[in-house]
Each structure stands twice: as structure tokens, then as C-alpha cells.
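Asker: Next up is a structure, given as C-alpha cells.
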Amino acid sequence: MRAEKLVEELIEDRQSGAARLTIKAASLFLKLLETRPKMSMVSKLAKLIAEARPSMPSVANMAYMILRLVEEETSAGVDLEKAIESAVRSAVKDYQRRLKEVIRNGARLLLGYRSVLTHSYSSTVAAILESCEGLKVFVTESRPGLEGLRFAERLAASKVDVTLIVDSAASYVLETGEVDLVLIGCDAILDDCSIVNKIGSKAIALAASETEIPFNVVTDLWKAAIHGFSYEEHPPEEVYDGEVEGIKVLNPYFERVPRDLISRFITEEGSLKPLELRDKLSDLWSYLSGKPLKPLRKPPQRRFIRGGIS
């Protein structure tokens, strides 16, 4: 089967989250075993997978991790087919181990909290919340895809005390004092330790900052945008499918949340402040890209003026 055909499922899948797509990406390499694979096919498939979902770095990282492991094993004299099987098994095992550690660390963090607010759909965040008894959860709809609605339905099915709100009500709920913590997933970690997540995340982060409520991000290190990142826009029909002419639609799906709005990252390496996270990323970044992390740029200074911040 041609490599281009293999990645079509990744490109067309707009329902699965990063974790499921990352595992799916790994499984595509095993389909090469249905023919007599060549190393050039493995390299091409890795490149196509990495390009298939440029807004989800964990997919690219999985592809290039498998490619790197295959290259190492074949250089040591291992048969290519056995090297592919071994590389996929090793990479998936490492990825799943990381996810389990994130969930364990997230559940530990929530001990003592009574309520959280979350945005969009993260299977890892869901697993954390499902493991905590007596927790009240506010979930935004996360328009236009309504991932939050599916998230709320999952939590309700698990007997979690869940309240669904419209996206624009997030700041209102934070101001009521009913929320102790904002807990969201992310799609990408950028090299300055800012994150990219579903549109609406930055507004929630700003509201959390204003109300002095911690804004914590749940992520594994494989979401580091080592091989680049690009934002996605989705079809305008998701926002407006009426018949009135002259209405233009902008439908961005992701936005950046600056690191100075993030209280902590909940990772497989524990609960980390943004600059602590960057230290943990360094080795993985060098291994997968062959290049060190770039030095951090200093964030712009905030100037306090009467009535606010400029």
C-alpha cells in the first residue's frame, strides 16, 4: 500500500484527540509489513505522517521516534521488518507509559480541590477527572466543534458531577468563586513553553489570571513542537451554513497561550513550572531533532498604569 494512502485516515480524522491519533500514527508503520518494505518507504511514511497533522506535534514526534529507532536497529544489523516491529512496540510502550504517569500525577494534584473548569476535549484530562471522587467539573461547549459537549457526556456517564456552560460564560463562572482550578490539555508545547490549544483557551487563561485562579496544563512531553507547528482553520460551514450572501467566516481552531499565564504543567515528570518544563524538554528535543533548544527570548515587559496594565 502506498504511503500516501496510509496517512489519509490521519488527515481525515477530526474527532480523535492527540493521544488516539498518535497511537494510530504508530500503527501505520506496521502496515508496511504487508509488503516487502524498504528503508526509503519507512522514511517517506514518517515524513508524510509528520505533515498530516501539523497542529499535533505528538504525531510527528511518534513518526520520527520510530524512524530513529528503525535506523538504529538496522545499523546494528537487525532485519528491517523486525526493526519496524520492535521500534513501533518500543515507541508506543514509552508513549503509553508517559500518559499513565501524567494521569497519576494529575490525580495527585487534584487532591484537596473541590471544583475545576476545563475547555475542549482531552482524553488525558478526562481520565484524571474520572479518577477523582467528589469533584465538581465545569465544562465549556468548546465551539464550533462542540468537543466540550462530548467531554461533558463522557464525564456524566462516569458519574462525575459535571456542569456544561457556553464558552463565553467561563469568565463569569470563574468570578463566582465556584472554581478552584482551571485544568486543560494542550495540542502543542512551543519552544518558549507557551502552549497551543483549542480557540478560547487564552480568554480563559486571562480570566483565570485576573481572578487569581491557577491555570494548569496537562500534557506529556511528546507534545513539544520539535518538528514545527502550524495552525489549522476549519471549514466555514461549521460556523455559518446559512444562505445569506456576503457573510465571511473565519474559523481558527487553535491559539497560543503565553507561558506567563500558565501556573503549572502536569506532566509525566511531575508538576512543573514553565521554565522547569523547558529543562525537561531539552534532552528529548535534542534526540529527535538533532538540534538544541534555542535560547529563550525575554518576554515583553508589562507596564503598569493607572486602571490596568499596558
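Each value in this text was obtained by applying a stated rule to the coordinates, not by laboratory testing. Nothing here was measured: the structure is a model prediction, and the numbers come from that model. Counting neighbours? That spans all protein chains shown, and the Cβs are built from the backbone with ideal geometry, glycine included.
Asker: SER271: net charge of surrounding residues, Cβ under 10 Å, Lys/Arg +1, Asp/Glu -1, itself excluded?
Answerer: So the surrounding residues net to +1.
Asker: Among DSSP beta bridges whose residues both lie in the chain, state the antiparallel percentage, nearest 5.
Answerer: If we restrict to bridges inside the chain, about 40 percent are antiparallel.
Asker: So what is the relative contact order for the chain, in percent, with contacts set as C-alpha pairs under 8 Å and at least six apart?
Answerer: For the chain, the relative contact order is 17 percent.
Asker: How much net charge surrounds GLU178 when only other residues with a Cβ under 13 Å from its Cβ are counted (Lys, Arg +1; Asp, Glu -1)?
Answerer: So the surrounding residues net to -1.
Asker: Next question, about the same structure. By the scheme Lys and Arg +1, Asp and Glu -1, what is the net charge of all other residues having a beta-carbon under 11 Å from that of ILE226?
Answerer: +1
Asker: Rounded, prolate or oblate: which fits region 57-116 when a ≥ b ≥ c are the square roots of the eigenvalues of the alpha-carbon gyration tensor, with rounded for a/c under 1.5 and prolate only if a/b beats b/c?
Answerer: In terms of gyration-tensor shape, prolate.
Asker: With the Cα gyration tensor of region 95-154 giving a ≥ b ≥ c as the square roots of its eigenvalues, does the rule (a/c under 1.5 for rounded; else a/b larger than b/c for prolate; else oblate) give rounded, prolate or oblate?
Answerer: oblate
Asker: Indicate the gyration tensor shape class of region 3-100 (rounded, prolate or oblate), computed on the Cα atoms with a ≥ b ≥ c the square roots of the eigenvalues: a/c under 1.5 is rounded; otherwise a/b larger than b/c is prolate and the rest oblate.
Answerer: Here region 3-100 falls in the oblate category.
Asker: Let me ask another. Each residue of region 240-248 in order: what ³J(HN,Hα) in whole Hz does its phi give by Karplus 6.51 cos²θ - 1.76 cosθ + 1.60, θ = phi - 60°, with x for Gly and Pro?
Answerer: Each residue of region 240-248 in turn: 8, 10, x, 9, 6, 7, x, 8, 8 Hz.
Asker: Now a separate question. Rg and Dmax of region 143-253 over Cα atoms: what are they, in angstrom?
Answerer: Cα only, region 143-253: 16.2, 46 Å (Rg, Dmax).
Asker: Here's another thing I want to ask about it. How large is the helix-only mean residue ellipticity at 222 nm for the chain, computed as the sum of -39500 (n - 2.57) over DSSP H runs with n ≥ 4, divided by its residue count, in deg cm²/dmol to the nearest 500?
Answerer: One gets -14000 deg cm²/dmol as the mean residue ellipticity at 222 nm.
Asker: Taking the Cα-to-Cβ direction at LYS248 and at LYS31 and moving 7 Å from each Cα, how far apart do the two end points lie in nm?
Answerer: 3.8 nm
Asker: A follow-up question, please. In whole Hz, what ³J(HN,Hα) sequence does region 137-142 give by Karplus (6.51, -1.76, 1.60; θ = phi - 60°), x for Gly and Pro?
Answerer: Listing the rounded values in order: 10, 9, 10, 6, 4, 6 Hz.
Asker: Determine ³J(HN,Hα), in whole Hz, for all residues of region 279-284 in sequence, where each value follows from phi through the Karplus function 6.51 cos²θ - 1.76 cosθ + 1.60 and θ = phi - 60°; x replaces Gly and Pro.
Answerer: 4, 5, 6, 4, 5, 4
Asker: Oh, and also: Compactness ratio of the chain: Cα Rg over 2.2 N^0.38 Å, N = residue count?
Answerer: Against the compact-globule rule of thumb, the ratio is 1.06.
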